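The values are calculated or read from the model by the stated rules, or taken from the named source; none is laboratory data. What you see is a predicted model, and the numbers here were worked out from it, not measured in a lab. Glycine also receives a Cβ, built like all others from the backbone with ideal geometry; neighbour counts cover every protein chain displayed. Only protein heavy atoms, including side chains, enter the accessible area calculation; ligands, DNA and RNA are left aside. Shrake-Rupley method; radii C 1.70, N 1.55, O 1.52, S 1.80 Å.
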Amino acid sequence: MNRMMIISTGSALPERVLTNFDLEKMIETSDEWITSRSGIKTRRIAGKGEETSKLATSAARKALEMAGLGPEDLDMIVVGTITSEIAMPSCACLVQKDLGAVNAFAFDINSACSGFLYGLDLAEKYIKANPDLNILVIGAENLSAHVNWQDRNTCVLFGDGAGAVIVSGATPGRGMIAGKMFSDGRLHELLWMNSAPSLNPATAIPDHDGSYIKMAGRDVFKYAVRALAEAITYVLNQEGLDIDEVDVIVPHQANIRILKSLADRLNIPLEKLYINVYKYGNTSAASIPIALDEANRAGLLQEGKIVLLCAFGGGFTWGASLLRW
Ligand code: UT7
C-alpha cells in the first residue's frame, strides 16, 4: 500500500501584531481576562497585500523551497479556508496562478478549523492511488475581516495566517499511519458565519447583520475537548498504539484551556503538545500547518517520530491524523 508523507512545510504571517493591550483600547476587555480565559497574548492582522491567497502563496513558496521543487512539479493544490478574499474562483486557483503551478488542479475545502486536516486526509487518498503525485495542502485564513470588532466574546480570539505542506509518496517506514475525520452538522448553530451580503435583490438576505463569526463559546469548548479526545483515541486504536508512543501532538490552536483539558483527559503532560496559540490566537484552518512548520523548523520533528495532528471547528467538524515523520 502506498503511504503519503509530508516532505516539506512552510508558513506566512501578516506583519501587524495586535496585542491584548491594543484590544483594551478598542473594547471593554483586559489582558488578564484574555490571557486567563484563552492563553492568547497577541494575534496577527492582515493588511493590504496580505489577503488570504497571498499569505497562502507565501507559505507555499517556503514549502516548495524546502522540498526543492518548482511550482510546475505540483499536481494538485487544496486550500482549507473559510475566508478567501473572493467567493469564486477558489483561493487554491489564485494560489495556482500566483505560483505558476501550471500542471496542478486546484480547489478549496470549507471545513472551518478542520479544513487543513480534511485536505491532508483527501490528499492521502490521491497519493494511495498514485505515489508520484506532489500535492500542496494549505490552511489559510483572514479571520480578522470576519470578526465583529464590537463583540468581545469573539474578536479577541482570532488571527490571520497561512501554513502549507507538500505531500508525496512515502519512503519505507515513514508517512501517514492512520486518520479519521468526523462531522456533525446538527450542531452548526453553535459556531457559524453568514455568507457575504448579496447586492442581488433576488438573493439578498433581509436584516443581514454582516458575515461575522458567531459562537456559543462554552458549548464549543466542552464539545471540542470531548471530540478531540475521542478522535485521538480512535486513530490510536486503529493502529493498536498507546498515547505514550506518540512523540509530538500538533493540535488546532484555539484556546490553551482546551489544550490543557485535552491533555488531562488523555492523561499526558501538556509538554507533549506543540503550542503557539499565545502568539497567533485561533487562525482556524491555518493553525495546524503554521504550528507544524514552526515545530519542523525548530527540529522537533525528526525522522521516525510519531506525530499526531488533531482539529476541531465549525460544522462541527473534527478529526485526527497519525504520521511517522
Ligand atoms: O476553533 C474552535 C472554535 N472556538 C473555540 O474553540 C472557542 C471555545 N470556547 C472558548 O474558548 C471559551 O468559551 C471562551 C474563551 C470563548 C470564553 O471563555 P469562558 O470562560 O467560557 O467565558 P464566558 O463566555 O462564559 O464568559 C464569562 C464572562 C461573561 O460575563 P458575565 O456574563 O459572566 O458577566 C462575558 O461577558 O466573561 C465576559 N467576557 C469578557 N470579558 C472581558 C466575554 N468576553 C470577554 C472579553 N473580555 N473579551
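Going by accessible area, probe 1.4 Å, with all protein chains left in place, what is the ranking of Ser321, Ser261, largest first? All intermediate terms of the calculation are to be shown ahead of the outcome.
Values: Ser321 0, Ser261 40 Å².
Descending accessible area places them as Ser261, Ser321.
Would you mind computing, in nm to one decimal, how far apart the modelled labels at Asn267 and Ala145 are, each placed 7 Å from Cα along Cα→Cβ?
4.7
On the protein heavy atoms, probe 1.4 angstrom, tell me the percent of accessible surface of the range 224-306 carried by carbon and sulfur.
On the way: 1410 of 3330 Å².
On the range 224-306, the fraction of accessible area on carbon and sulfur atoms equals 42 percent.
If you roll a 1.4 angstrom probe over the protein chains with everything in place, what fraction of the accessible area of the range 4-172 belongs to carbon and sulfur, to the nearest %? Please report the intermediate quantities before stating the final value.
On the way: 3480 of 6690 Å².
Result for the range 4-172: 52 percent of the exposed heavy-atom area is carbon or sulfur.
What accessible area per residue comes out for the chain, rounded to a whole number of Å², with a 1.4 Å probe?
Values: 13860 Å² over 325 residues.
So the chain comes to 43 Å² accessible per residue, rounded to a whole number.
Restricting everything to alpha-carbon atoms, can you work out Rg to Rh for the chain with a Kirkwood hydrodynamic radius? Each step should come with its number before you reach the end.
Values: Rg = 18.7 Å, Rh = 19.6 Å.
Using Cα coordinates only, the ratio equals 0.95.
Assign unit charges at the C-beta atoms only (+1 for Lys and Arg, -1 for Asp and Glu), then state the dipole size of the chain relative to its Cα centre in Debye, rounded to the nearest 20.
Numbers: 30 positive and 37 negative charges, 66 e Å.
Using only the charged Cβ atoms, the result is roughly 320 debye.
Explain nothing, just compute: Karplus ³J(HN,Hα) = 6.51 cos²θ - 1.76 cosθ + 1.60, θ = phi - 60°, for every residue of the range 69-84 in order, whole Hz, x for Gly and Pro.
So the J values, rounded to whole Hz, are 10, x, x, 6, 7, 7, 9, 7, 10, 10, 10, x, 7, 10, 9, 5.
Projected onto the charge dipole of the chain (+1 at Lys/Arg Cβ, -1 at Asp/Glu Cβ, origin at the Cα centre), which of Asn148, Ile138, Thr52 gives the Cα projection farthest towards the positive end?
Asn148
Under 10 Å, Cα contacts only: if you run a Gaussian network model on the chain, which one of Ala202, Ala56, Ala140 comes out with the highest mean-square fluctuation?
Ala202
Taking loop as defined by DSSP and a crowding limit of 15 other beta carbons within 10 Å, which GluC sites (Glu not before Pro) in the range 77-175 fit? Please list the in-between numbers first.
Working: sites: Glu85, Glu124, Glu141; in loops: Glu85.
Of the GluC sites (Glu not before Pro), the ones in loops of the range 77-175 whose Cβ has at most 15 other Cβ atoms within 10 Å are Glu85.
How many angstrom lie between the Cα centre of the range 189-259 and the Cα centre of the range 65-82?
25
Which one, Ala231, Ser90, Ser8, is farthest towards the positive end of the dipole of the chain when Lys and Arg carry +1 and Asp and Glu -1 on their Cβ?
Looking along the dipole axis, the top candidate is Ala231.
Taking only Cα atoms and a 10 Å spring cutoff, compute GNM fluctuations for the chain and point out the largest among Ala254, Ala227, Ala87.
Most flexible of the set in this elastic network: Ala87.
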